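Each remark here refers to the structure printed beneath this line.
Please treat every number below as a calculation from the coordinates, not as lab data. Remember, it's a predicted structure, so these values are computed and weren't measured experimentally. Note: ideal-geometry Cβ built from the backbone for every residue, glycine included; neighbour counts use all protein chains shown.
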């Protein structure tokens, strides 16, 4: 009996999730992003908070600056050498909903719904949650959603 070759619906080069994983798909990058959203911007504070080695943190920060997630700016306190702080760019800030959804998932499945921090509305203090919503404002469940390709999948791959 011949084995059928399964062809993925979309190549990794055309998949936004696969491409995003190249930039944000490691533990240290996610922790740096978390700290940046908490307002931590300085190298030593980041290193202390996440426990990364200097080399690891330095290489991740450089990649995040190169990838446009953080901007690097110099600062100097009196009597010290010039240092740098790392601030979220618009591109970096746009990852907020993804990080919030990941945090919500962690609270539910890893911490038993016992969050130590939650996202709330400033005015009312009410907890916020991630939802799927149409452009017309209708809330949709995951079961009601589907992935719809907008480009034709490359089916010219060799079956041999």
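Shown here is the pair-distance distribution of the stretch 94-155: with all Cα-Cα distances grouped in 10 Å bins from zero up to the longest one, the shares run 16, 36, 33, 11, 3, 0 percent. Translational D (Stokes-Einstein, µm²/s) of the stretch 33-75 at 10 °C and 1.306 mPa s when Rh comes from the Kirkwood sum over C-alpha pairs? Here the translational diffusion coefficient equals 150 µm²/s.
So how much slack lies between residue 27 and residue 132, counting 0.36 nm per residue of separation and subtracting their Cα-Cα distance, in nm? Here the segment from residue 27 to residue 132 would lengthen by 35.2 nm. Percent of Cα-Cα pairs more than 20 Å apart in the chain, please. So the portion of pairs separated by more than 20 Å is 66 percent. Taking every C-alpha pair closer than 8 Å and separated by at least 6 residues, the mean separation divided by the residue count of the stretch 14-160 gives a relative contact order of 14 percent. Do the sum for the chain: with -39,500 (n - 2.57) for every DSSP H run of n ≥ 4, divided by all residues, what is the mean residue ellipticity at 222 nm, to the nearest 500 deg cm²/dmol? That calculation yields -11000 deg cm²/dmol at 222 nm. Would you please give the FRET efficiency between residue 81 and residue 49, computed as 1/(1 + (r/R0)^6) with r the Cβ-Cβ distance and R0 = 22 Å, to the nearest 0.05? After rounding to 0.05, the efficiency reads 0.50. GNM remark for the chain: springs join alpha carbons under 10 Å apart, and the peak mean-square fluctuation among 127, 78, 97 falls on 78.
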